[in-house]
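Each remark here refers to the structure printed beneath this line.
Derivation of every value follows stated rules applied to the coordinates shown; laboratory data play no part. Here the structure is a predicted model, which means the values were calculated and not measured. In this analysis, Cβ positions are derived from the backbone assuming ideal geometry, glycine residues included, and neighbour counts consider all displayed protein chains.
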Amino acid sequence: MRLELPLRAERFGANLFYHSQKLFEIDGGYEFDSKFASPFHVIQQITRERLYEIERDMAIVIPIKNERLRLLEGVLCGIPHDCLPIIVSNSRQEPVDRFRMECNMIDSFCRYAKKKYISIHQRSPEMARIFENGGYHDILDDEGLVREGKAEGMLAGIVLANLLGKRYVGFIDSDNYFPGAVFEYARLFSAGLSQAKSPFSMARIQWHSKPKIVDSDLFFAKWGRVSRITNQYLNQFLSYYSGYETDALCTGNAGEHAMSMPLALLLDYSAGFSVEAYHFVSLLEKFGGVLPSPFPEATKSGIEVFQMESRNPHLHVVNKGDAHIREMIHHSLAVLFHSEICPVRLKKEILRELRRRKIVGKDDVLLAPRKYPALRGMDFDTASKMTDWALLGNFIPV
Ligand code: GDP
Ligand code: CO
């Protein structure tokens, strides 16, 4: 891959938020071009060895809830062979068992391709037992099962990836129409993470464009309706602390992102669709230097967040309705609003924004999404000893 160097960064305590990096060539060539060894360049070539080294150690979690099987098959097709797909489903099991249909499709696909995989229903007793055995009860509901929600599915994915000894974990939505885009995201994950000097790193995808039909023609929008707003307020958050206006953050709602496992286990998570925006809040709270850090060793190493601009247009299922968009805006801003370190001025602006859009009423309060503590507190050894992997797909850990 040939990629712009991460030249500019915004620092917030121990966090380094790199500005978005432009991609020049998805495939950077077989040989390393020695001209890149000179210090006078702004592009880097990341060798294929380096990319594969990371992909071999990376699981890609694919959350799915009632999506079309064809889309999921396309997503599987785009995942590089060396990455382990972990499909975490919250699809209907009644009256038609969509989960069973997904499992059948995934199993035949992966058997034909000789690809290892894990697939699990997030509300299955097996998944609940893993959290239960690890002593991580926050995620279980009154029935003793993992709660509903996308973030909850992602947490299940991180736990499985860690139990399988993966050193990186990425996330790609299952409703993507283009296998080529999926492939590019996975490559950008490995390229992004390969740049990290710290063991605590994250790579987030900024979509280059999102195609829409406007007046019977294609229009390539740069910003989604939700991300435009989330990014604006995240940047304001940074600006209020630094005293300098910034536009560094552009991936507030990046469903497509990847983390090194040490970082994935340190962050707190927020429920449902607020999870991606909350990554930033958790980073600012834990490593921003405003509050004492619960993890001094990570604070010492620093946290690196790379934002990578993809080149494929991002086309996913778009008819999920206006209510879904409004819910996403509400959730994303609510996690900023409820942060202990959110400046009062910003709280007022967020409230004004949500009232102006009639997302919250004049006398309503903002919802406070449920929080999940860092997974590092979980007892993975016990959970691992008691997991029967044969039930979970075509992957038997050694
Ligand atoms: P958007 O793309 O951000 O508008 O959100 P989507 O509704 O497309 O959801 C993102 C991804 O998460 C899709 O692949 C969904 O199928 C999946 N998803 C949504 N809700 C859940 C859930 O409760 N559990 C799991 N495991 N996946 C979910
Ligand atoms: Co989607």
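Quick check on the chain: helices-only [θ] at 222 nm, where DSSP H runs of length 4 and up contribute -39,500 (n - 2.57) each and the sum goes over total residues. Nearest 500, please.
-11500 deg cm²/dmol
What spacing in nm lies between the two simple spin-label points modelled at Leu140 and Tyr30, each 7 Å away from Cα in the Cβ direction?
Result for the modelled spin labels: 5.5 nm.
Using the Cα gyration tensor of the chain, with a ≥ b ≥ c the square roots of its eigenvalues, what is the shape: rounded (a/c below 1.5), prolate (a/b larger than b/c) or oblate (neither)? It would help to have the intermediate numbers written out before the result.
Details: a/c = 1.27, a/b = 1.08, b/c = 1.18.
Rounded is the answer for the chain, as its axis ratio a/c remains below 1.5.
Whole-Hz Karplus ³J(HN,Hα) for region 190-198, in order, using 6.51 cos²θ - 1.76 cosθ + 1.60 and θ = phi - 60°, x for Gly and Pro?
Going residue by residue, I get 5, 5, x, 5, 5, 7, 5, 9, 9 Hz, with x marking Gly and Pro.
Working out 0.36 nm times the residue gap between Asp97 and Arg68, then minus their Cα-Cα distance, what length gain in nm do you get to one decimal?
Result for the pair: 9.1 nm of gain on full extension.
Under 5 Å between amide hydrogens, which residues at least 5 positions from Ala221 or on another chain qualify, with H placed 1.01 Å from N in the peptide plane?
HN-HN under 5 Å from Ala221: Lys210, Lys212.
How large is ³J(HN,Hα) for each residue in region 279-291, as worked out from phi by the Karplus curve 6.51 cos²θ - 1.76 cosθ + 1.60 (θ = phi - 60°), to whole Hz, x for Gly and Pro?
Here the 3J(HN,Hα) series is 3, 5, 4, 4, 5, 5, 6, 7, 10, x, x, 7, 9 Hz.
In what sequence do Val344, Val360 fall when counting other Cβ within 10 Å, fewest first?
Listed from fewest to most nearby Cβ atoms, that is Val344, Val360.
Need the full-extension length gain, Arg376 to Asp217, defined as separation in residues times 0.36 nm minus the C-alpha distance. One decimal, nm.
Gain on extension, Arg376 to Asp217, equals 52.3 nm.
Among Pro199, Pro85, Pro294, which one shows the highest mean-square fluctuation when the chain is modelled as a Gaussian network with alpha-carbon springs under 10 Å?
Pro294
Step through the residues of region 210-221 one at a time and calculate ³J(HN,Hα) from phi using the Karplus curve (6.51 cos²θ - 1.76 cosθ + 1.60, θ = phi - 60°), rounding each to whole Hz and writing x for Gly and Pro.
Here the 3J(HN,Hα) series is 10, x, 9, 9, 10, 6, 6, 10, 7, 10, 9, 6 Hz.
Tally Lys/Arg at +1 and Asp/Glu at -1 over every other residue whose Cβ is under 14 Å from the Cβ of Ala59; what's the total?
Around Ala59, the surrounding residues sum to +2.
Based on Cα coordinates alone, diagonalise the gyration tensor for region 128-221, multiply each eigenvalue by 5, take square roots, and list the semi-axes in whole Å, largest first.
So the equivalent ellipsoid measures 32, 21, 10 Å along its semi-axes.
Using +1 at the Cβ of each Lys and Arg and -1 at the Cβ of each Asp and Glu in the chain, identify which of Val42, Ser274, Ala191 lies farthest towards the dipole's positive end.
Ranked along the dipole, the leading option is Val42.
How do Lys150, Lys65, Lys362 rank when sorted from fewest to most other Cβ atoms within 10 Å of their own Cβ?
Working: Lys150 22, Lys65 17, Lys362 6.
Ranking Lys150, Lys65, Lys362 by Cβ neighbours within 10 Å, fewest first, gives Lys362, Lys65, Lys150.
Gain in length, Arg228 to Arg356, computed as 0.36 nm per residue apart minus the alpha-carbon separation, to one decimal in nm? List each step's numbers first, then the result.
Values: separation 128, 0.36 × 128 = 46.08 nm, distance 1.59 nm.
Value of the extension gain: 44.5 nm.
Using a Gaussian network for the chain with springs between C-alpha atoms less than 10 Å apart, which of these wobbles most: Asp363, Asp82, Asp107?
Judging by the Gaussian network model, the answer is Asp363.
If you filter region 177-260 for GluC sites (Glu not before Pro), then keep DSSP loop positions with at most 10 other Cβ within 10 Å, what is left?
Working: sites: Glu184, Glu245, Glu256; in loops: Glu245, Glu256.
Loop-located and lightly packed - Glu245.
From the gyration tensor of the Cα coordinates in region 56-133, what semi-axes in whole Å does the equivalent ellipsoid have, largest first, with each one equal to sqrt(5λ)?
Semi-axes (√(5λ), whole Å): 20, 17, 10.
Looking at this model, which pairs from Lys65/Lys115; Lys22/Lys65; Lys116/Lys212; Lys22/Lys320 are more than 26 angstrom apart at the alpha-carbon?
Lys22/Lys65; Lys116/Lys212; Lys22/Lys320
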